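A.B. asks: Let me give you the structure first, and then I'll get to my questions.
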């Protein structure tokens with residue numbers, strides 16, 4: 001099925017020298033199945049640099065929305081994203097639960113076969129495997145930036161948007 005909606009999830013870094021900026025494009029089809037289209041994550045860039053990478057990813061996939069975590073930077077996150085692409089719809093989300101707890105509903109979608117990847121995304125897949133149920137993050141790296149970005153996009157597509165698309169049992 002053709003994608004009916006595309007969202008780019010963003011997990012911004014706290015600083016240019018810190019963690020990567022997770023940028024992941026995810027689509028949903030008319031049957032509610034998700035497809036990870038791209039891991040466009042970047043590291044070592046200024047806020048303007050990673051915001052331009054987000055805008056380029058959103059443009060490549062014709063994204064309907066960008067969902068970005070605001071815990072690391074608050075209003076600055078929205079401001080640099082808007083400066084990079086004024087017309088880009090942006091929704092800021094606040095992480096109030098641990099990364100592993102936030103990822104559990106998305107992991108359940110994987111377990112039921114409702115998520116596929118358009119290609120092999122080795123770094124992203126390694127991070128997804130590091131999210132341990134009931135715990136936090138068990139590696140690789142310090143933080144699952146790519147996995148967190150995927151989780152934000154999937155949440156928006158499956159749980160956050162109240163349109164006609166939903167996850168249905170096969």
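A.B. asks: Considering only segment 1-58, give the strands (runs of 3 or more DSSP E) lying wholly within it that have at least 3 residues that are farther than 18 Å from residue 126 by Cα, in contact with a helix residue (DSSP H, G or I) (Cβ under 9 Å, 6 or more places away or on another chain) and touching a residue at least 60 places away in the same chain (Cβ under 8 Å). First the steps, then the outcome.
C.D. replies: Numbers: elements: 3-11, 22-29, 34-39.
Filter on segment 1-58 gives 3-11.
A.B. asks: Still on this structure: Within the set of pairs 6+ apart or on separate chains, which have a first residue in segment 133-155 that is at positive phi and outside any strand (DSSP E or B), a second that is surrounded by 12 or more Cβ atoms within 10 Å (Cβ to Cβ) and modelled with pLDDT of 70 or more, and C-beta atoms under 6 Å apart?
C.D. replies: Listed by first residue and then by second, the contacts come to 139/130.
A.B. asks: Kindly establish whether residue 80 is touching a strand residue (DSSP E or B) at 6+ places or on another chain (Cβ under 8 Å) and either buried (at least 19 other Cβ atoms within 10 Å of the Cβ) or farther than 29 Å from residue 116 by Cα (or both). I'd like the intermediate steps shown before the answer.
C.D. replies: Details: touching a strand residue (DSSP E or B) at 6+ places or on another chain (Cβ under 8 Å): no; either buried (at least 19 other Cβ atoms within 10 Å of the Cβ) or farther than 29 Å from residue 116 by Cα (or both): yes.
No: the conditions fail for residue 80.
A.B. asks: Any chance you could count how many residues in segment 63-88 are modelled with pLDDT of 85 or more, assigned to a loop (DSSP other than H, G, I, E, B) and over 13 Å from the mean Cα position of the chain (by Cα)?
C.D. replies: The total comes to 1.
The values are calculated or read from the model by the stated rules, or taken from the named source; none is laboratory data. Just so we're clear, the structure is a prediction, and the values are computed from it rather than from any experiment. Using ideal geometry, Cβ is built from the backbone for each residue, glycine included, and neighbour counts are taken over all protein chains shown.
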